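Taken together, the values in this text are just the output of simple stated rules run on the coordinates, not laboratory data. Quick caveat: nothing in here was measured; it's all calculated off a predicted structure. Neighbour counts are summed over all protein chains in view; Cβ atoms, including those assigned to glycine, are modelled from backbone coordinates with ideal geometry.
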Amino acid sequence: MDKFSYLSNMDVSTVEHLYQSYKSDPKSVAEDWQQFFAGFDFAEQLYDQDDASFGIPANVKKEFDVINLINGYRKNGHLFTDTNPVRARRKYTPTLAIENFDLSQDDLDTTFRAGEMIGIGPSSLKNIIEHLEATYCQSIGVEYRYIREPEVVSWLQEKLEKNRNQPEFSVEEKKQVLRKLSQAVVFEEFLGKKFTGQKRFSLEGAESLIPAMDMAVEEGSNLGIEEFVIGMAHRGRLNVLANILNKTYKEIFSEFEGKDYEDADVEGDVKYHMGYTSYMTCYNGKEVKMNLCPNPSHLEAVGPVVLGISRAKIDRKFEGDNSKLCPILIHG
């Protein structure tokens, strides 16, 4: 039981009367009430003061305010990105305005050591905000603070903030990105003209998937991955088959025109359900095996299918070594 529960059972006016008597003459009330009211006065004096009364300098408090601002960008910056080129971003509140972090326009030119948290050293608030905006609120949104492993969060923050979330590509890597992007665009344009009106689930508008996957495979090979298992829905599957798994154009085009099967009792699936397996030689000279899983008619089964295939290959082919295989799921 709460040792102060007796107070809730007393008449408030009685306690008030005792307190007023204590204020006039402490000895006019019993000793236990003197101790009670002395503690009440002490607490009232202690917690009714502002931060400065506790000896916290204003500049130190401002440093913590800037730290809160930085963490605000890290947690919610993805809500204020410029990721949609055709319409304005939906409005979210509270915003990342500095006033929501007890900062003001007068603080913009003040230098804060909190800039060291994002790798730019002591900097003005203006420069800190500029760095955070470039890192978290441009065309690439990053949502990662839900991750429970602190070491993973720290690793991501360091990678994102050291170069403002901008990729650093060599000249050769830039040429490869352009090459794969061009392949993706030309492929879709050809299909659109050659097979007008046929269902194909185009990748148009998302062709950057192809250079992104190409880069993932190249980097995975550098890390020792020997096999990839890919699961995806219909959208962009033909482009992935052609420009990632190197399925020949002849095979793909023949499926548009109708492919004959030697066994009359076997019916072919639609072209945008087809799976495929091939081998890709990476720039480091290593060969990796590429598997695009056949697409189940029920798309909610794509993930479980990839999981089962990957688990079986890790257990049986790679004897439990999960560093040799990389599953990739592409949202449809």
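A Förster radius of 30 Å combined with the Cβ-Cβ distance from VAL153 to LYS199 puts the calculated FRET efficiency at roughly 0.10. If you take every DSSP beta bridge whose two residues both sit in the range 171-330, what share of them, in percent to the nearest 5, is antiparallel? DSSP beta bridges in the range 171-330 are roughly 40 percent antiparallel. Take the Cα of SER278, step 7 Å toward its Cβ, do the same at ASP82, and the gap between the two points is 3.7 nm. Using a cut-off of 22 Å between Cα atoms, the listed pairs LYS250/LYS313; LYS250/LYS324; LYS289/LYS324; LYS162/LYS324 include LYS250/LYS313; LYS250/LYS324; LYS162/LYS324 as exceeding that distance. For the range 171-330, averaging the sequence separation of C-alpha pairs within contact (under 8 Å, six or more residues apart) and dividing by the residue count gives a relative contact order of 28 percent. Compared with the direct C-alpha span, the chain from SER24 to LYS126 gains 31.2 nm at full extension, assuming 0.36 nm per residue. Annotation note: trypsin sites (Lys or Arg not before Pro) in the range 146-237 located in DSSP loop regions with a Cβ neighbour count of at most 14 within 10 Å are ARG148, LYS162, LYS199.
For GLU319 and THR93, the difference between the fully extended length at 0.36 nm per residue and the C-alpha to C-alpha distance is 76.3 nm.
Computed from backbone phi, the HN-Hα couplings of the range 18-27 come to 5, 5, 5, 5, 4, 5, 6, 8, x, 7 Hz, rounded to whole numbers (Karplus: 6.51 cos²θ - 1.76 cosθ + 1.60, θ = phi - 60°; Gly and Pro given as x). Within the same chain, lysines fewer than 8 places from LYS61 are excluded, and of the rest, those with a Cα less than 19 Å from its Cα are LYS126.
Measuring between alpha carbons in the structure, the pairs from LYS247/LYS286; LYS199/LYS247; LYS175/LYS317; LYS174/LYS194; LYS159/LYS247 lying more than 25 angstrom apart are LYS175/LYS317; LYS174/LYS194; LYS159/LYS247.
If you wrap the tightest convex hull around every Cα atom of the range 171-330 and split its volume per residue, you get 129 Å³.
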